[in-house]
Every structure is written in structure tokens, then in C-alpha cells.
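Before any comments, here is the structure.
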Amino acid sequence: MNHGKEKFDKKYYRRFFDKYSKSEFNRYVNWAVGWVRFLDRYVDIKEGGGKKLHEIGSSLGYFSRVFKDRGFDVSASDISSYIAKKAGKIQKDIKFSRLDIEKSQKNIGEFDYIVAFEVLEHLENPKKAILNIKKMLKKDGILIFSTPFPTKRSLGDPTHINIHKPFWWLKVGKQLGFKKTKLVYATFIPFLYRISGDLSIGFPIRMDIPYINSTCFFILEK
């Protein structure tokens, strides 16, 4: 994959952002609000209380914004230094850095939570990435990630180089020693989040319909 190379990143992120403006950013924050609110049913993340949370593959950090506003001590990273710099200009109260999660990390046992939404399917070695994330978590720390299940749509994206059936990911979590693993299917109403975060609504069901955003959430406890 070419993620992390500026020429590729400029072209890739053009799919999502035109001017990297505050209005574009806020639209994606609306989207993230619904995803995080959906997760409130399954994991204790409503109030941060200063707990340390790190977002992997953060792009502009719209999920980071939601968690920051909930009181978490948030940092974020992406393999793309290009997008991390863009994020830092929009959100000056969150530290963004470049991080290749497939390589060994130094921040051992540092975070209460690590999140990675729609990221691991882009990696050459997601199992190695999950192992590195586990090392970054404190005792009893929690990894929350989402990744699509195999559909014509998800398999048709050439940047999705590691799409697997949901139970493959659960098996990896158990193999790597996470003491608790949970799978939740999620399907979200499309497009309405552009109007308001209140309209970013998810349901715990699996669907395979074009233009419908359906994914899997995994919650792994160290």
C-alpha cells in the first residue's frame, strides 16, 4: 500500500475533503457522533474523566473531537504525515502525530482506550498492528475498532487489502491474549448526518445494501 506517501495521500483524501475546511470537518464530526453514541450501549465511554485515549488512523480527527468533548485526554495519529498536519491546523487542542502502527511502539502501557475506526482493513499486517496496540494499552485497557465485513462494496475498494469475516478478528483478539472480546454489527442511516449529528443513527444489525453504511465493531479488553 501507498498510504503514508504524500502524493498518494493527497489523491486519496481528495475523496473526502475538498478544502479541508471547518465546515467539511464538522460534517464528519456529525457522522462520528452517531458512531460513538451507538457504542455507548456496549462500552463505558460517555464520560472521559481525563482517561487517556488514542485514535489510530485518525485522518482529521473527527472521532478524536467527539472524545475530547466528552472529557478524555486525547491524542491521535495517522500513518500519513500529510493528513496529520492538516488535522493539527484544524484542532489545535489535540496532538496529532505520524505513526505506523505495524511497527513496534515505545509508548507501552500508556492508554486506557485506543480506537481505530475503518483502519485495520487498510493494513498489510493487521494482526501485528493489534499486537502493537495491545502493548500500548494499560492493564484492563480497551481497544475499540471497526472494520467492514466482506461485501461486494467493501471488497471492491482497492485500498481494502485485509477484509475478513467478523469471527476472524475475534479469533485474532483471543490469540493475542485479550481477556474479553465482543462483536457488534452496526448499520447507520446514510446521508442525514450531513444535516445534524442527531440524525446519525445506528442499529445493531447487519445489512449488505449499496450506499448503506454497515460495519462491525469489536471491543477487546486487555
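List of remarks:
- Test result for Leu183, in contact with a Leu (Cβ under 9 Å, 6 or more places away or on another chain) and free of Cβ contacts under 8 Å to residues at least 24 places away in the same chain: no
- Members of the range 69-85 that are under 24 Å from Asp44 (Cα atoms), surrounded by 20 or more Cβ atoms within 10 Å (Cβ to Cβ) and either at pLDDT below 95 or not hydrophobic (A, V, I, L, M, F, W, C) (or both): Ser75, Ser77
- In the range 132-175, of all residues being among the basic types (Lys, Arg) and closer than 23 Å to Lys222 by Cα, the one that is surrounded by the fewest Cβ atoms within 10 Å (Cβ to Cβ) corresponds to Lys139.
- The numbered conditions (1) more than 21 Å from Ile219 (Cα to Cα); (2) outside any loop (DSSP other than H, G, I, E, B); (3) under 18 Å from the mean Cα position of the chain (by Cα) are all true for His3 except (2).
- Between Lys10, Lys46, Lys51, the distinction of being closer than 24 Å to Asp112 by Cβ, basic (Lys, Arg) and in contact with a Phe, Trp or Tyr (Cβ under 8 Å, 6 or more places away or on another chain) belongs to Lys51 only.
- Of all residues in the range 21-32, those that are within 13 Å of Ser59 (Cβ to Cβ) have Cβ atoms under 9 Å from Cβ atoms of residues that are assigned to a helix (DSSP H, G or I) and among the β-branched types (Val, Ile, Thr), 6 or more apart or on another chain, in Phe25/Ile90; Val29/Val66; Ala32/Val66.
- Applying the set (1) crowded, with 16+ Cβ neighbours inside 10 Å; (2) among the small types (Gly, Ala, Ser); (3) part of a loop (DSSP other than H, G, I, E, B) to Gly88 leaves exactly one unmet item: (3).
- Hey, Gly141 over 30 Å from Gly109 (Cβ atoms) and either among the small types (Gly, Ala, Ser) or without any contact (Cβ under 8 Å) to a residue 12 or more places away in the chain (or both) or not: no
The values are calculated or read from the model by the stated rules, or taken from the named source; none is laboratory data. Nothing here was measured: the structure is a model prediction, and the numbers come from that model. Here the Cβ is made from the backbone with ideal geometry for all residues, glycine too, and neighbour counts use every protein chain on show.
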